[in-house]
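One structure is given below, encoded as structure tokens.
The values are calculated or read from the model by the stated rules, or taken from the named source; none is laboratory data. These numbers come from a predicted model, not from an experiment. So basically every Cβ, Gly included, is an ideal-geometry build from the backbone, and we count neighbours across all protein chains shown.
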Amino acid sequence: MTVPPAPTPAAEARRALRQRLLSARQAWATSPAAQTAQQALADRLADVLAQLEPACLGLYWPVRGEFNPRDIALTARAASGCALALPYARRTPVEMQFRPWDGTEPDTRDECGLPAPSVAKVVQPDVVLVPCVGFTPEGFRLGYGGGYFDRYLAAHPEVTAIGLAWDEAQVEVSALSPAAHDVPLMAVLTPSATWGG
């Protein structure tokens, strides 16, 4: 049996940072400030989507205190006729694809247990909304550690990737220590600001 390599100090630091940010986010998400922040970020996202005019918008199903992009996505579809898509993640091989979403409650779960459309058709969004556990002002993102969005965006460099995060998720680039393969998002939106990569 092959023994996996020991985590590097940088990987351990990222894991600890991720856990700290997730715990803080879940506690904060139940506070009165969270509702106000949800609306402020929704307004900022609506403005950005009106400028980008996506033909197909890839979004995510919110979990663990994440910003909920569903209403804004449905509004964008009603205003411009853009198609919507949700991710479907596979564990073997580790990969993510987008499937058409009709705006209703997803009827299945992907291999990571997240709600997803059951239709097996694959679509290619031109704009993708990316959830951020943490982010830097330069646009680098800390996710959940599975690498699904990272792999997808690396394989689709033509996609406009917009990160969505709460202001409290901002960290300094020195704390995140981006690796050589990390590519900054085009922008990260928070309730109070737009950060550029």
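Taking the range 168-194, which residues are under 18 Å from A46 (Cβ atoms) and either surrounded by 15 or more Cβ atoms within 10 Å (Cβ to Cβ) or among the hydroxyl-bearing types (S, T, Y) (or both)?
M186, A187, V188, L189, T190, P191, S192, T194
Would you say D71 is over 19 Å from G163 (Cα atoms), surrounded by fewer than 20 Cβ atoms within 10 Å (Cβ to Cβ) and of a type in the set (D, E, K, R)?
No: the conditions fail for D71.
Write out, first by first residue and then by second, each pair whose Cβ atoms fall under 9 Å of each other, whose residues are 6+ apart or on separate chains, and whose first residue, in the range 83-98, is farther than 14 Å from P69 by Cβ while the second is in a strand (DSSP E or B) and of a type in the set (D, E).
Correct list of pairs: A89/E95.
Looking at (1) touching a residue at least 40 places away in the same chain (Cβ under 8 Å); (2) in contact with a Gly (Cβ under 9 Å, 6 or more places away or on another chain), which is the only condition Q170 fails?
If we test Q170 against (1) touching a residue at least 40 places away in the same chain (Cβ under 8 Å); (2) in contact with a Gly (Cβ under 9 Å, 6 or more places away or on another chain), just (1) comes out false.
Consider only pairs whose beta carbons are under 7 Å apart and that are at least six residues apart or on different chains; among these, list those whose first residue lies in the range 139-153 and is without any contact (Cβ under 8 Å) to a residue 60 or more places away in the chain and among the hydrophobic types (A, V, I, L, M, F, W, C) and whose second residue is buried (at least 17 other Cβ atoms within 10 Å of the Cβ) and in a helix (DSSP H, G or I).
F140/L176
I'm trying to understand the selection: among the residues of the range 7-43, which are more than 13 Å from G65 (Cα to Cα) and small (G, A, S)?
Listed by number, the residues that qualify are A10, A11, A13, A16, A40, A42.
So how many residues does the range 91-101 have that are of a type outside the set (A, V, I, L, M) and at pLDDT 95 or above?
Residues that pass the stated criteria total 5.
Residue-by-condition table, conditions (1) among the hydrophobic types (A, V, I, L, M, F, W, C); (2) surrounded by 13 or more Cβ atoms within 10 Å (Cβ to Cβ); (3) at pLDDT 95 or above:
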| site | (1), (2), (3) |
| --- | --- |
| A10 | yes, no, no |
| A24 | yes, yes, no |
| A29 | yes, yes, no |
| L49 | yes, yes, yes |
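Select from the range 49-72 the residues that are among the hydrophobic types (A, V, I, L, M, F, W, C) and farther than 19 Å from H156 by Cβ and list them in ascending order. Spell out the reasoning first.
As a first pass, look at the range 49-72 and keep what is among the hydrophobic types (A, V, I, L, M, F, W, C): 49-50, 52, 55-57, 59, 61, 63, 67, 72.
Selection gives A50, W61, V63, F67, I72.
For the range 173-193, how many residues meet the condition of being touching a residue at least 12 places away in the same chain (Cβ under 8 Å) and either of a type in the set (G, A, S) or within 21 Å of W28 (Cα to Cα) (or both)?
Here is the first cut: in the range 173-193, the ones touching a residue at least 12 places away in the same chain (Cβ under 8 Å) are 173, 175-179, 181-193.
Retained after the next criterion (residues that are either of a type in the set (G, A, S) or within 21 Å of W28 (Cα to Cα) (or both)): 175, 177, 179, 187-193.
Number satisfying all stated conditions: 10.
Those residues that are within 17 Å of T160 (Cα to Cα) and not in a loop (DSSP other than H, G, I, E, B), I need them from the range 39-68; list them, please.
Scanning the range 39-68 gives R44, L45, A46, D47, V48, L49, A50, Q51, L52, C56, L57, G58.
With the checklist (1) in a loop (DSSP other than H, G, I, E, B); (2) closer than 22 Å to A169 by Cβ; (3) touching a Phe, Trp or Tyr at 6+ places or on another chain (Cβ under 9 Å) in hand, flag the one item G146 doesn't pass.
(3)
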